[in-house]
Amino acid sequence: MGKSAEQLVGDARRGKERALLDLFDEHHRPLFRFAWRLTGSTADAEDIVQECYLALLRPDCGFDPARTAIRTYLFGAVRNQWLKRMRRRDHDELRESVDDRTPEGQALRAELAGAVARAIAELPDTQREILLLAHYEQLPLAEIAEITELEITAVKSRLQRARATLREMLAAYAPATEKAI
Amino acid sequence: MNDTELDRLLNSWDAPAPPSSMRDRLRARFPRTERIHLGRPLKWGLATLCAAAALTVAAAQTGEHHGDIVMHMVDHVYGLVVFTVDQHRAPSIRNEIRRSQPTVYIDGNLAGPLEYRGGATLVVHAPGDSGVYMVSFVRFIDRYYRNKNSPDWMEAGSVHGNVIEFQAGDEKVRIECNRSIIDGERPVFVAHLPE
């Protein structure tokens, strides 16, 4: 049987690189996706995910396995890193970068995916992060509440508002969905 | 647009896979323990080991009894190896203690916080003006640690589980951590420094 997250974190703090890599292998994909959808940048997403793992090694790291699952903690850490970066940068600059990364210009060129990306980028940040965790990462509402430090009812209502907004913004693409997917 | 249609629409926005080099870049940033220079003790250890081996061979060839000398050499080599390995491990034990919110009690009374000094030693402030006690977990430090102004180290207690206990002069010091520091039990060495 594999080691628990607590054991792996303990080993990593004692200098065992292998333990950190095991934690990385297990969780980095959803964390990267979440970070990428928040930032719109592969470089930023990678940097954020790396920071979260390295933060686990620091003495002042707040991870408490008795209170929080490692996945929840790491998603929360990604969110906090993103918020920290948001505060550092000019918000408009970030918004612009989100618009620039539309999949038309990169790997995801389909008009539909671009429209979805733009619509999600237009959501208020507080709704956007919840939509990303709920829809794309399929996390339970209770876990999202823990990550975002909100009540479940608040998570639920923000998710509903986000979906209602997207429904309006993407109404024009509804018929296209049938053809494109 | 119903919920299913919206979900299908949202699913059209894929995230890329993480770069395959990401793992290697994380590895490169993994903080590695600073290497301690083992040069001199290791050289002496090897030299002693060679001498012990030569003596053993000579004793066997001449039939003379050099058992005591050989045993002394072996003991010396063993001590040096343990001392060197413990010196290498000491920083990680010290860091583990630092992370575990240690509480210091002197004769059962809550005392000031631990200090952390170079060489992976901990420092406990003695009550009144009787100086400080340096604490080390390096075995044989009393035998092999030598430098200018080197204090006199002596075995004064033990560390087991989450507790470090030792005698510091007339006082009994107990340090409690919120989690286990080492497996099993190890001696604790203490040196008094008047300040």
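Coordinate-derived values only; no laboratory data. In this text, all values refer to a predicted model and were calculated from it rather than measured experimentally. We place every Cβ from the backbone using ideal geometry, glycine too, and count neighbours over all the protein chains shown.
Remark: mean inter-chain Cβ contacts per residue of B:1-9 equal 6, using a 10 Å Cβ-Cβ cutoff to other protein chain atoms.
Placing R0 at 25 angstrom, the Cβ-Cβ distance between A:R161 and A:R58 gives a FRET efficiency of 0.10 after rounding to 0.05. FRET efficiency for the B:D7 to A:Q7 pair, using the beta carbon distance and R₀ = 41 Å, is estimated at 0.60. Temperature 20 °C, viscosity 1.002 mPa s: under these conditions the Stokes-Einstein estimate for region A:105-172, based on its Kirkwood radius over C-alpha pairs, is 171 µm² per second. The 3J(HN,Hα) values that the Karplus relation (6.51, -1.76, 1.60; θ = phi - 60°) gives for region A:24-40 are, in residue order, 4, 4, 6, 10, 5, 5, x, 5, 5, 4, 4, 5, 5, 5, 6, 9, x Hz. Gly and Pro appear as x.
Averaged over the residues of B:16-29, the number of partner chain Cβ atoms lying within 10 Å of the residue Cβ comes to 5.
Need one value for A:163-174: mean number of C-beta atoms belonging to other chains within 10 Å of its residues' C-beta atoms.
For this peptide, the per-residue mean of nearby foreign Cβ atoms is 3.
How high is the relative contact order of region A:105-172, in percent, counting Cα pairs under 8 Å that sit 6 or more residues apart? Don't skip to the end; give the middle numbers.
On the way: 39 pairs, mean separation 24.3, N = 68.
Answer for region A:105-172 is 36 percent.
Between B:M71 and A:R67, how many nm apart are label points set 7 Å from Cα along the C-beta direction? Result: 5.7 nm between the two label points.
For region A:1-94, the relative contact order works out to 27 percent when only alpha carbon pairs closer than 8 Å and six or more residues apart are counted. From least to most packed, judged by other beta carbons within 10 angstrom and beginning with the fewest, B:M154, B:M134 follow the order B:M154, B:M134. With all pairs of different alpha carbon atoms counted, what Kirkwood hydrodynamic radius in Å does region A:1-94 show? So the Kirkwood estimate lands at 13.8 Å. A protection proxy built from the mean count of other Cβ atoms within 10 Å ranks the segments A:161-170, A:27-36, A:79-88, most packed first, as A:27-36, A:161-170, A:79-88.
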